[in-house]
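The values are calculated or read from the model by the stated rules, or taken from the named source; none is laboratory data. Since the structure is predicted, the reported quantities are computational estimates derived from the model, not experimental observations. Neighbour counts run over all protein chains shown; Cβ positions are idealised from the backbone, glycine included. The accessibility values were calculated without ligands, DNA or RNA, using every heavy atom of the protein model including side chains. Shrake-Rupley method; radii C 1.70, N 1.55, O 1.52, S 1.80 Å.
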Amino acid sequence: MSTREIFDGRLQAALLLVPTVLVSVVFLYYPTARAFRTSFFKAGFGRAEEFVGLENYATLLTNSSYHSSVALSVLFAALVVAGVIVVSLYVTFLIHEVDSGQDWYLISVIWPYALPPAVAALVFLFVLHPTLGVLTGPIEAVGIDLDWFNDGPQAFVVVVLAAIWKQIGYNVIFMIAAMNNVPNALTETAEIDGVGRFRRLVSVYVPIMTPTLFFLVIINTIYAFFGTFAFVDLLTSGGPSNATNILIFDLYREAFSYFNFGVASTKSVVLFLVVAVLMVIQFRLTEEYSYYGA
Amino acid sequence: MTDTIQYAKRRFEAVKRSIVGDRDEESTLLAGREGNAGVHLQLWFLVTLVVFPIFIAVVVSTKQQGIVTSLPDLIPGTYAVENYREAIVDYGFGRFMWNSLLMSVVVVVGKLVISVLAAVAIVYYRVPYKDLVFLFVLFTLLLPVPIRFVPLFQLINDLGWGNSLLAITVPYLASATTVFILRQHFLSIPTSIVETAKLDGVGPVAFTLRVLIPMSRGVLVGVSIIMFVYAWNQYLWPLVIIDSEANQVAQVGLQLLQGDVQGGQLSWSLVMAGSVLTLLPPLALMILFRKPLLETFAIQQK
Amino acid sequence: MTSNNDSTREISRRSTLATAGAALGATTGLAGCMGTLGGSEAEFSPVADELTAWHAMGGTNGETLDAIASDFEAEHGIEANMEFQDSYENVLTNTLSAFDSGNVADMFQVDSLFAQQVFDTDQVRSVAEILPDDFDTDVFLDNVTEFFTVDGELASLPFNNSNAIMYINRDAFEEAGLDPDDPPSTLAEVRSASETLVDEGVTQYGITWPNHVWFVETWYGFEGELMTDAENGHAGDPSEFYTPDAVYDLYDWWKGMADDGLYTNPGIEAWGEATSLFISEESAMVLTSTASVAGLIADSEDFTVDAAPYPSISDTRVGPVIGGASFYVPDGLPEDRYEEIGRLLQYMAQPEVQTEWHKGSGYYPITQPSVDALREEGWFEENPMYNVALEQLQNGDASDPATKRALLGPARNVQTVIQDKSVDAINADDPASELEAMKSEVESVLAEYYE
């Protein structure tokens, strides 16, 4: 390894690192630290900051609508992550199995990687609009009464679907690489043993792909918490009845609609902690699995 | 020296192929399997689901402004030129697209340059604590914009950058992902090449320009696409920090377009035209450069 | 005293950082793209060289505004740019954040709902001080002046003012056997008309309106009920949110309409969706701003649209609350700009401009001379729909505090609570408990702000 380190100049190395470190400190670490600090203040536009200690945290602890927002976000993330993984895995498997047109199929399902969330949201709004949507007629013909401007759970489902749609492409990209890496010998052995196609996916491919799947679970979790703002903002604005008021939207509204910077910063801190805890749990699980798997 | 490098490059390619997996071999193996009609059918169904919403957007963007509310209305219209012209010229979407392009190009170029520098330092310099520096950079993955947008907003305003291109580019320049991918890639370049370079007394600048960059073309293109898509698709931060129409980006411009057309007439046609326009640049780049993009993703995961 | 020190420190911190920002910008090679930085004595710098007004007028109304700006330019040789910001909410957010950043627009259009929030920044200069001396502020209609005068001075330039009115689809009414010349005037009548329309299979819904607090406010106003204590916040800091019996009746009616499929909720603040439902003849009635009149006439190609007064909860009709917005000017711009701003403000209040604006948009003309001019040319006889809101306004009792729109510091927050809780109430088995929740949430928001 050490043979790669062919240059010695410490000053040179430092200079090379300065831009990245500087931008990280100024625009990433410093604002994060300041968010922690502001979480102990009452603050807003044109208002002098006022130290309030733990009051903002106490407010959140006793605020039941915030509690439901936390629960909602966790549920949202769980559904998005599970949905994305299952759908992507199945699509990937089909592409892996198909005898011709692989490239064509692949492009047709991975393109949403490039899809801007704002576009995804507006297109969904148009397609599934409860009264004007193009698909509303056919869906209602099946017997589902589309009413997601009033019906909270429906609105939640619509946002989840839009979020899943956008994220499939990214997942298939990784899964196809992982699936192609499964040694042919294993596939052949399974076939000789007469293992059915679907069981081959579940009991041969999935275990081998576990590292990739864990990686994707982590990426998708981050996406579900942080990358889905546009969906909520453009589709439901958090409603109806806060049914889609996930943490990131709630945070935005606190900061830039109500201008309560103190409480908003507290919410940033909580969001950070929630995601950090989830990351730790997921890394633990990954390690545990690798341990037993080894 | 060039010969050695050429040889090593070929070897490296061979190694990489063995990692990524040889698809041709596998395809012949797959051809013999049964039940492909069913697989095709299912794929067609799923592909249709994934493509359908955008297909609708494209169709609607070609239709006369008015109301499209049912499936039978979904026959492409003849108003494409008019709708796109109206969105781009009358509703200022051209301006938004230009701002997005400017933002994305600045972010891609800036990120690429400073991340290459950092990765070179981390991989090819013998300095203490560099793993710590790398961790320091990597940890920023846990600090996305929403965690820090209130203080960042105040900071940008204090810097006097509010409502400017600086505000939507500079904070994005440090990239854990890019540094990570480049580091992984540099680590996969065989040490023999590096040692040869050292024996030849090649300096760091020449090494980076003549050895590293030529050997990393695919990865550099790949990360550029990743960064472009990322920058182009940003919505929340421009929404917060940009408040004049003249500087707005396409993602937020879509919201303006929607509000604008709905304020008076109803025109989903225009909103869909805007949506298609906004999707086009990242989609085109992704399709054009899918090979290096997929290879780069393969590195990211390791 | 303390706060003064704070603000001085705030400004010096800002300018130090701004210098650092310029330096950092220069080193990253992007300095050329930056706007002008502060450095003069003025606290704010303008966002652009030309006069810039941030507004929330989309569609045809936005185009009319652009036309007004270019006419002004032609007449006075001063460049003016009207920038669309999507919604009043966004104009407010951008304005407050601009106060923080120091780069502000010369004028910004604030929904009367958010007036208090803007006053509370102490960063606006009253337009009475900016308008040229020869400008007579008495030209505005009484009801309008009443609302926009603060501490005896015209604080902002009233410009686009409106009421909520009801639009009906005449053809649908006739088809259902209803008399379009006698549209429903109370909620009970709206319900029975809706039942007929739906039962006859003419339209899918009877009525719709955007879920926006303004409609609820208008119902309070007509009923002569205050929303909060301290005369809707005009006479001090409000702390109590009132929910009189009439409001319980309102929500019972609203829920009943929703349950029976007579009303459809187009979404929160969904102005466009609500008119879309009306245009596409899904709903035969829509409650929305008088500002939609021009657009609705233009878009209703397949049927005849008509306008009617807002339906009230009961037979009591005290008066509507004034909606719409006015233009505010920040304090602290370089002094030489105020003269130009004053001329633009004056231009916008001219009778000809107000007349053009009224005809192009449907917002009522707010100066007496333009009302007189329009009457004289017979405009209202020819276009009776344009008269509905004006008449509704002038029939209202402007002296009743209930018709003065609430001035609440945390208006945006209160607005969200009311809108969210409205959806809860129509979905709940018992709207009353949701109304109680609405009351206590609004009151806690008020307490938090005014504490």
Quick check on the range C:410-433. Is at least one of its residues surrounded by fewer than 18 Cβ atoms within 10 Å (Cβ to Cβ) and assigned to a helix (DSSP H, G or I)? yes
The range A:127-160: number of residues that are in contact (Cβ under 8 Å) with a residue 24 or more places away in the chain and either in a helix (DSSP H, G or I) or outside the structural domain of A:VAL74 (by TED's automatic domain parsing) (or both): 8
Restricting attention to the range B:60-77, which residues are surrounded by fewer than 19 Cβ atoms within 10 Å (Cβ to Cβ) and either of a type in the set (Asp, Glu) or modelled with pLDDT of 85 or more (or both)? B:ASP73
Looking at C:SER292, C:SER283, C:SER239 in this structure, which one is over 22 Å from the mean Cα position of the chain (by Cα), touching a residue at least 40 places away in the same chain (Cβ under 8 Å) and under 25 Å from C:LEU113 (Cα atoms)? C:SER239
Strands (runs of 3 or more DSSP E) (entirely within the range C:130-216) containing at least 1 residues that are over 17 Å from C:SER112 (Cβ atoms) and touching a helix residue (DSSP H, G or I) at 6+ places or on another chain (Cβ under 7 Å): C:164-169, C:205-208
Is at least one residue of the range B:146-156 open to solvent by 20 Å² or more (accessible area, probe 1.4 Å), in contact (Cβ under 8 Å) with a residue 12 or more places away in the chain and under 22 Å from A:PHE27 (Cα atoms)? no
Criterion: open to solvent by less than 10 Å² (accessible area, probe 1.4 Å) and touching a residue at least 60 places away in the same chain (Cβ under 8 Å) - qualifying residue of A:PHE124, A:PHE93: A:PHE93
Matching residues in the range C:288-342 - criterion: being under 25 Å from C:LEU250 (Cβ atoms) and out of contact with any Ser or Thr (no Cβ under 9 Å at 6 or more places or on another chain): C:ASP306, C:THR316
Can you tell me which residue is surrounded by the fewest Cβ atoms within 10 Å (Cβ to Cβ) among those in the range C:302-329 that are modelled with pLDDT of 90 or more and closer than 30 Å to C:ASN103 by Cβ? C:PHE327
Tell me the helices (runs of 4 or more DSSP H) entirely within the range A:9-74 that contain at least 1 residues that are modelled with pLDDT under 90 and more than 10 Å from chain B (Cβ to nearest Cβ). A:55-62
Here are the criteria: (1) open to solvent by 10 Å² or more (accessible area, probe 1.4 Å); (2) assigned to a loop (DSSP other than H, G, I, E, B); (3) touching a residue at least 12 places away in the same chain (Cβ under 8 Å). Tell me which single one C:TYR386 does not satisfy. (2)
Filtered residue count, the range B:78-123, keeping only those that are open to solvent by 20 Å² or more (accessible area, probe 1.4 Å) and among the basic types (Lys, Arg): 2
Given (1) more than 19 Å from A:ALA276 (Cβ to Cβ); (2) at the interface with another protein chain (Cβ under 7 Å from one of its Cβ atoms); (3) part of a helix (DSSP H, G or I); (4) of a type in the set (Val, Ile, Thr), number of the condition B:THR140 does not satisfy: (1)
With respect to C:PRO158, is the statement that it is open to solvent by 10 Å² or more (accessible area, probe 1.4 Å) and under 13 Å from C:ALA349 (Cα atoms) true? no
Taking the range A:169-186 as the search range and keeping residues that are under 21 Å from the mean Cα position of the chain (by Cα) and open to solvent by less than 10 Å² (accessible area, probe 1.4 Å), which one is nearest to A:ILE110 (Cα to Cα)? A:GLY169
Would you confirm whether any residue within the range C:50-57 is modelled with pLDDT under 90, crowded, with 21+ Cβ neighbours inside 10 Å and assigned to a loop (DSSP other than H, G, I, E, B)? yes
With respect to B:GLY94, determine if the residue is within 11 Å of chain C (Cβ to nearest Cβ) and either free of Cβ contacts under 8 Å to residues at least 40 places away in the same chain or touching a helix residue (DSSP H, G or I) at 6+ places or on another chain (Cβ under 9 Å) (or both). no
So which helices (runs of 4 or more DSSP H) stay within the range B:203-302 end to end and still have 1 or more residues that are of a type in the set (D, E, K, R)? B:217-232, B:250-263, B:290-300
With respect to the numbered conditions (1) under 16 Å from C:SER326 (Cβ atoms); (2) open to solvent by 20 Å² or more (accessible area, probe 1.4 Å), which one is the sole condition not fulfilled by C:ASP86? (1)
Of all residues in the range A:224-250, which are away from chain C (no Cβ under 14 Å), closer than 20 Å to A:SER68 by Cα and part of a helix (DSSP H, G or I)? A:ALA224, A:PHE225, A:PHE226, A:PHE229, A:PHE231, A:LEU247, A:ILE248
Taking A:TRP104 as meeting all but one of (1) more than 7 Å from every other protein chain (Cβ to nearest Cβ); (2) open to solvent by less than 50 Å² (accessible area, probe 1.4 Å), write down the number of the exception. (2)
State all residues of the range B:157-190 that are surrounded by fewer than 23 Cβ atoms within 10 Å (Cβ to Cβ), of a type in the set (S, T, N, Q) and within 18 Å of B:VAL133 (Cα to Cα); if no residue qualifies, say none. B:THR177, B:GLN184
So which of B:ASN99, B:ASN83, B:ASN163 is outside any loop (DSSP other than H, G, I, E, B), in contact with a Ser or Thr (Cβ under 6 Å, 6 or more places away or on another chain) and within 30 Å of C:ASP66 (Cβ to Cβ)? B:ASN83
